[in-house]
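The values are calculated or read from the model by the stated rules, or taken from the named source; none is laboratory data. Keep in mind it's a predicted model, so treat the numbers as computed, not measured. All Cβ positions, glycine included, derive from the backbone under ideal geometry; neighbour counts span all protein chains shown. These accessible areas exclude ligands, DNA and RNA; they are computed on the full protein's heavy atoms, side chains included. Shrake-Rupley method; radii C 1.70, N 1.55, O 1.52, S 1.80 Å.
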Amino acid sequence: MLLEDGAQHRKHKRLWQTLFANVVGAANPLIRDVTLKAFVVPLKKIPAAVPLDLYETLKTLAWDILLAIFLGVERDNVGGVSRNVENLQGTILRGQFSLFPAAVRTPFWTSPRSRGLKAVQDLEPAVRSLLRSQWESSVSGKHETCPFTRYFTPAKDCNDETLSEDDLTSHVRLFTSSIANKALASLLTAFFMNRFMLRDRGQQEQPLANLIRQQQDFPTRRAILSSALRETMRLRPPVIGVMRRVTQTVRLTNPGSDRNSTTSHIVPAAHDAWLYFVAANRDPDVFARPTEFCWDRFMRQGAEVPTDEDCGIAFGLGPKHCLGADLTREICLTVAETVMESGLAFKGGGQVVEGVKAWLGWEAHAGPEGMTRDLKQLPCQRPRDPVMVTVTHAK
């Protein structure tokens, strides 16, 4: 679907959107259950003084959640089914981002690109087999199936209103990719840091998590979490940008400059353009205090819910708006609620460096040089050095 355009893309995506909406609602209990079993319970057994790498810990949780939602499998020991999927996905990613882009295979050496192509061939039947197992269980009623296969059953005859087994398999391979895992883990890392490690001066220097726990009703807690999550995604989107083909000639100008300024730049039609979401979401013409993290920026009165367009470009805009935007938000919010209800809290084990503070919006006047120095950029931005935390039990 990513490679389609025009009427074909609209028709294909409309079908996926209709079915995907069911998955978002059905996934909540599973996300909560996986977070408890794979994250909360193990962390409660760790002594308080033992430091943890926050990103690596959340990357493991991200794998647990994605594989449970889309393939109905629990992560197992080395050599098991889920680890095989993870390893193949990792090989594919390294092939995609290899500095040596040619596919070379010899008796003595195989290029990362070639290994990635081989991994695609091995992963496709593995994913297909797992999906078929879920579909068979769904039909027989043997046990509860994962949210994805509960609503996505392949059609025998593919037409405009159905999805084929090949279509479902190829898309699940993307939904469980290493890029999806890293993007979710990076977003969760930033969200955890904003809730537990940032001291908000408006709340007597206490972490945002404490303010949320003090709220007596669920709607208020969810509203604060939702606003903080959207603000987290504005400053550091799940992916840093995307390549698009320019369909008509455009002139780019700096904010406040005249269209005929010597600093303007013409991008001709048919050229490729890299859209950098991180910079776009800091546009001073769109957002007040654009480089600051303001957890209440997207708080709304009553039942009004901010749209993606209100919150910047975190998941793209227009026809290619990300299919997984709602599910990503549901995962982050459900994980956050489950962790906070458990009484767990996280305390930073060291000084957060300048570039990471700028990335999170903790330092309003920090320049881009620090972000370049202190962050890994591809395929998703995250702190270059480990963010070490200790786990505590909140009162």
Restricted to the range 357-370, and to residues that are under 23 Å from the mean Cα position of the chain (by Cα) and in contact (Cβ under 8 Å) with a residue 40 or more places away in the chain, which residue is surrounded by the most Cβ atoms within 10 Å (Cβ to Cβ)? Trp359
Cβ contacts < 7 Å: first residue in the same structural domain as Thr91 (by the TED database) and in contact (Cβ under 8 Å) with a residue 60 or more places away in the chain, restricted to the range 164-176; second residue of a type in the set (S, T, N, Q) and part of a helix (DSSP H, G or I), any location; separation 6+ or different chain. Result? Thr176/Gln89
When you go through Glu341, Glu369, Glu363 one by one, which is the residue that is acidic (Asp, Glu), at pLDDT below 95 and under 23 Å from Leu52 (Cβ atoms)? Glu341
What number of residues within the range 219-244 satisfy the criterion of being free of Cβ contacts under 8 Å to residues at least 60 places away in the same chain and among the β-branched types (Val, Ile, Thr)? 1
If you go through Leu61, Leu67, Leu71, Leu54, the only one that is crowded, with 18+ Cβ neighbours inside 10 Å, over 25 Å from Tyr151 (Cβ atoms) and in the same structural domain as Ser133 (by the TED database) is Leu54
Every residue from the range 305-326 that is surrounded by 21 or more Cβ atoms within 10 Å (Cβ to Cβ) and not aromatic (Phe, Trp, Tyr): Gly312, Ile313, Ala314
Asn22 open to solvent by 60 Å² or more (accessible area, probe 1.4 Å), in contact with a Leu (Cβ under 9 Å, 6 or more places away or on another chain) and in contact (Cβ under 8 Å) with a residue 24 or more places away in the chain: no
Can you tell me which residue within the range 371-395, out of those that are among the polar types (S, T, N, Q) and farther than 11 Å from Lys347 by Cβ, is surrounded by the fewest Cβ atoms within 10 Å (Cβ to Cβ)? Thr372
State whether one or more residues within the range 51-69 are over 22 Å from the mean Cα position of the chain (by Cα) and of a type in the set (Gly, Ala, Ser). no
List the pairs whose first member sits in the range 49-61 and is part of a loop (DSSP other than H, G, I, E, B), whose second member is open to solvent by 10 Å² or more (accessible area, probe 1.4 Å), and whose Cβ atoms are under 6 Å apart, counting only residues at least 6 apart or on separate chains? Pro51/Gly349; Pro51/Met388; Pro51/Thr390
So Val34, is it within 19 Å of the chain's Cα centre (by Cα), under 22 Å from Pro154 (Cα atoms) and either open to solvent by less than 50 Å² (accessible area, probe 1.4 Å) or at pLDDT below 90 (or both): no
